[in-house]
Each structure stands twice: as structure tokens, then as C-alpha cells.
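Since the structure comes first, as C-alpha cells, the remarks are kept for the end.
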């Protein structure tokens with residue numbers, strides 16, 4: 001049962017990765033692209049980690065997966081903020097319809 | 001091998017070739033640097049696929065992390081004017097001869113690889129493992145059986161730092177900095193983790209993947225991140241303490257190598273009963289030194305006391 005739930009979580013994670021990538025390729029400027037990739041990828045990685053944790057045998061591995069996700073949340077958010085600030089500093093204005 | 005694994009490996013190889021091509025031929029230098037960093041990351045994955053986690057760790061920290069930071073920092077200081085023309089090399093004049101040379105080299109390497117005895121040196125290493133003083137074959141080769149090579153590698157790194165310092169003072173002060181409050185906060189959060197992982201890898205080197213080089217690379221990655229976040233080398237650390245830290249690895253290595261001559265009169269012949277503690281000492285000194293040396297290479301010169309700050 002938990003194995004099936006794990007697979008479902010991983011597949012859902014992959015779908016979010018896919019949508020984040022589509023956003024990265026299709027959105028009009030750096031800010032909207034960041035918005036797409038950072039949010040979707042963080043959630044996707046969380047889902048994949050949760051799915052893998054359901055497949056893992058012992059507690060230490062599950063703890064490591066959680067730690068990986070937390071580290072990626074923190075560093076991913078910082079990276080997005082840095083890229084957005086660098087873009088603003090280079091005079092890129094946010095896209096407007 | 002499972003078909004899915006073969007598909008993964010084929011995709012990995014293809015991506016690496018494409019990224020390598022982009023790294024050399026991209027019109028835009030920034031694109032070339034990012035391709036190179038991605039190439040380093042995928043190389044690390046390739047090492048994992050080859051079941052060499054030690055090298056994968058070092059490659060991820062060095063190839064994707066530190067080299068990328070070095071290249072991006074250089075890119076930031078380049079004159080913006082003449083960058084497009086420099087890289088737009090013509091295919092016939094530049095690429096074709098090099099491609100021919102690369103193809104010849106690869107063929108030669110392949111021929112040599114096929115001519116080597118098939119199992120390699122695995123058996124010889126495994127036979128000698130009981131006398132190695134450590135449980136990890138990789139560490140045994142690096143710090144015992146072929147310690148001489150590792151000693152020279154560390155000497156070469158130190159020479160590189162000395163050469164760099166002779167060129168002038170550090171260039172970090174002239175790097176433009178963005179007001180980014182998130183980065184210092186991230187570094188404050190992550191730096192203890194970097195230190196923890198460094199010592200974990202040093203300790204782990206005795207019996208599993210880890211050791212001085214991955215640990216040093218990780219330490220350097222943490223230090224470089226701190227430098228990027230605005231930390232500077234504190235004044236009391238410049239001068240003698242920094243020089244000692246840079247040379248500690250080579251010095252400890254040499255002292256152990258010469259010291260064990262008292263036992264049997266042979267350079268680097270560890271007495272078996274003391275081998276574990278001697279190797280651990282060399283590993284810790286070398287790991288810390290490698291970390292400091294890589295950071296010094298990123299600094300690009302002897303640190304100047306331009307401004308105080310947290311380190």
C-alpha cells in the first residue's frame with residue numbers, strides 16, 4: 001500500500017517538475033520564469049522525496065531525504081532572490097501585458 | 001543492465017557531449033560558463049553511475065561549484081566590450097584541427113585502455129588491504145600505497161597558490177556586490193553544516209567514500225560562499241596563521257613521511273601498528289589545507305585588510 005502511495009507521490013512530483021520546466025521555457029521574462037521554476041520544482045522535489053521516503057527501509061534514510069528537501073528549499077529560495085535582484089540591478093523590467 | 005539504466009546512461013552521455021560543445025562554442029560567455037558548470041554536475045552523476053562516489057563528491061564540489069564560482073567571478077570582472085569577437089572562432093580554423101586531435105587522443109586512450117590488464121590493480125590493492133591501516137581501499141591507495149603521488153599533488157596545489165600570490169593582491173575587493181540580504185542569512189544557516197560535513201567526510205574517509213579531497217572541496221565551497229556573501233578574511237588570520245594553514249597539509253605529510261623513516265629507513269613506510277593514526281593525521285591536515293588552498297585560489301591573491309567583517 002505504501003509502495004503504491006510512494007509511486008503516486010513520485011509521479012505527481014515528476015508532473016510538477018514538467019510543469020515547472022514548461023513554465024521556464026514558455027514564460028515571457030526572467031521573473032515569471034523564476035516564479036514558475038522555483039515554486040514548482042520545490043514542491044516537485046518534496047513530492048519525490050516523500051515518495052522515496054515511503055520506499056526507504058529505515059529512519060536515517062528518511063531523515064536524510066527530509067534534510068535534502070529542506071536544504072533545497074532554503075538554497076533555492078535564496079538563489080531565486082539573488083537572480084531576481086541581479087536582473088533588476090541590470091535594468092530588466094518585469095514583463096507587463 | 002536494465003534497459004532503463006541504459007537509457008539513462010545514454011541520455012547522460014548525450015547531455016554531456018552537448019554541454020561540452022556549448023561550453024566551448026557558445027557565443028555568449030555566460031552561457032558557456034553555465035554549460036561548463038552543468039557539465040561538471042553531470043560528470044559527478046556519471047561518476048556515481050561508475051560507482052565512484054569519492055570522485056563524484058569531489059567533482060560536484062570542484063567541477064560544478066568552485067570552478068563555476070571562479071569562472072563567474074572572472075566573467076564579472078572581464079571588460080564587457082571585446083567579449084563577443086574573442087569567442088566567435090571559425091569552425092574550420094579552430095574547431096576542426098582540435099577535433100581531429102581530440103579524436104586521435106581518444107582513440108589512443110581507448111587503445112591503451114584495452115591493452116591494460118583487464119581487472120586492473122583491484123586485486124593487488126585488496127591483497128595489501130590488511131596492512132593498509134584503513135578500511136577504505138581508495139584512502140589506502142591515496143594515503144598509503146601511493147602516498148607519494150598525493151604528496152606531490154598537494155605540493156602542486158601549494159605551488160599554484162604561491163604563484164598566484166606572486167601576481168598581486170586579492171581581487172575580491174573590486175568585485176561589485178549586490179545588496180542581497182538573503183545570502184548572508186543563508187550562509188549563516190549553512191556554514192555550520194559545511195563544517196560538519198567536512199569533518200564527517202574526513203572521519204568517514206577511513207572506512208568509506210570520503211577523505212581529504214572531498215572534505216577539502218566542501219570546506220572550500222563553504223568558505224567561498226561566505227566570501228560571496230560579504231565575509232572577509234579577518235585581519236588576525238592573514239599573514240602567519242593563513243600561511244601555516246596553507247602549508248599544514250604538505251608539512252604534516254612530509255613530517256610523517258620522513259618521521260616513519262626512523263622505523264625502517266624507508267620514505268613513507270608506515271609502521272603497520274601506527275598506520276591508522278598517522279594516516280588520520282595526514283588526512284585531517286591535508287583536508288583542511290586543501291580547503292584553505294582552494295579558497296585562496298578563489299581569492300586570487302594574498303588577502304588585503306581592506307575591510308573588517310564577519311568571517
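The values are calculated or read from the model by the stated rules, or taken from the named source; none is laboratory data. All figures in this text were calculated on a predicted structure; none of them were measured in a lab. Glycine gets a Cβ as well: all are built from the backbone with ideal geometry, and neighbour counts include every protein chain shown.
A few remarks follow.
- Residue B:164 vs. criteria under 19 Å from residue B:244 (Cβ atoms), in contact with a helix residue (DSSP H, G or I) (Cβ under 8 Å, 6 or more places away or on another chain) and assigned to a helix (DSSP H, G or I): yes
- Residue among B:234, B:276 that is surrounded by fewer than 17 Cβ atoms within 10 Å (Cβ to Cβ) and within 19 Å of residue B:222 (Cβ to Cβ): B:234
- Residue list for the stretch B:73-103, filter: at pLDDT 85 or above and surrounded by 11 or more Cβ atoms within 10 Å (Cβ to Cβ): B:102
- Flag if residue A:25 is closer than 20 Å to residue A:79 by Cα, more than 15 Å from the chain's Cα centre (by Cα) and surrounded by fewer than 18 Cβ atoms within 10 Å (Cβ to Cβ): yes
- Residues of the stretch B:159-181 classified as at pLDDT 90 or above and surrounded by 19 or more Cβ atoms within 10 Å (Cβ to Cβ), total: 1
- Put simply, of B:113, B:198 the only residue that is away from every other protein chain (no Cβ under 14 Å) and closer than 18 Å to residue A:71 by Cβ is B:198.
- Among (1) under 22 Å from residue B:165 (Cα atoms); (2) at pLDDT below 90; (3) within 14 Å of chain A (Cβ to nearest Cβ), the one test that residue B:184 misses: (1)
- Criterion violated by residue B:215 - all others in (1) crowded, with 17+ Cβ neighbours inside 10 Å; (2) not in a helix (DSSP H, G or I) satisfied: (2)
- Subset of the stretch A:64-97 [touching a helix residue (DSSP H, G or I) at 6+ places or on another chain (Cβ under 9 Å), within 14 Å of chain B (Cβ to nearest Cβ) and over 23 Å from residue B:187 (Cβ atoms)]: A:92
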